[in-house]
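Throughout, read-outs are computed from the coordinates displayed, never taken from laboratory work. Being a predicted model, the structure only gives us computed values, none of them experimental. Counting neighbours? That spans all protein chains shown, and the Cβs are built from the backbone with ideal geometry, glycine included.
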Amino acid sequence: MICQTTPPYTVEQMRYIEKHIGDVKKEQDRAFIALQALHPMRLEEVLGLKWSDVDLENRLIHINRAVTHPDRNQPSIKETKTAGSVRTIGLFKTAVRYLNPKADDEFILGGKEPLSYTMVRRMCGRIKKDMDFNDKITPIRFRPTVLTDIYEQTKDVLAVQKAAGHTSPTMTFKHYVSG
């Protein structure tokens with residue numbers, strides 16, 4: 001399984017990241033890397049998560065909005081990329097310990113207002129430094145990595161399609177699964 005545009009992280013890199021999430025100093029940075037690195041979400045979906053979207057008890061994430069930045073670096077709250085992108089996915093057990101819930105109507109990353117891309121870039125730099133990671137922390141690389149793992153574990157393209165929020169298996173094959 002491959003992503004046509006962005007190479008996934010290696011298994012060793014992902015194991016390192018998971019093992020070192022606790023080394024990240026800032027609470028918000030830990031929540032970000034736990035959500036982005038361990039789940040098949042677009043950056044825009046992670047930025048759009050509010051505390052009301054996360055069910056820690058049942059370990060579920062309800063994805064129903066996105067945060068984009070169409071006007072330079074100003075966050076804009078929108079619907080997800082496609083109707084199929086509205087979905088519920090499992091919350092990885094490791095991530096639960098790094099999520100410290102706040103008010104339901106607050107964004108997990110940013111509080112009352114979502115983070116800007118500049119803030120995300122700075123956060124990724126801090127995370128890399130805190131973890132002493134040997135590569136860049138690049139949000140766009142995590143999604144293909146997680147989807148690759150799902151496919152390699154299940155060999156079920158429909159499961160990958162559902163996790164990705166794709167509207168068809170064709171989309172999943174086109175972007176992630178190499179024939």
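Residue 93: which aspartates and glutamates have alpha carbons under 14 Å from its alpha carbon, excluding same-chain residues fewer than 8 sequence positions away? Straight-distance partners of residue 93: 18, 55, 57. Contact order normalised by length for region 48-179, with contacts defined as Cα pairs under 8 Å and 6 or more residues apart; what percent is it? Reported relative contact order: 22 percent.
Over all orientations, region 1-99 has a Cα convex hull whose mean projected area works out to 7.6 square nanometres.
Computing FRET efficiency as 1/(1 + (r/R0)^6) for residue 152 and residue 126, where r is the C-beta to C-beta distance and R0 is 41 Å, gives about 0.85. Dividing the Cα radius of gyration of the chain by its Kirkwood radius returns 0.94 for Rg/Rh.
With an 8 Å Cα cut-off and a minimum separation of 6 or more residues, compute the relative contact order for region 103-169 in percent. Value for region 103-169: 14 percent. Applying a threshold of 30 Å to the alpha-carbon distances of 26/155; 81/102; 25/174; 129/174; 102/155 flags 26/155; 25/174; 129/174; 102/155 as lying beyond it.
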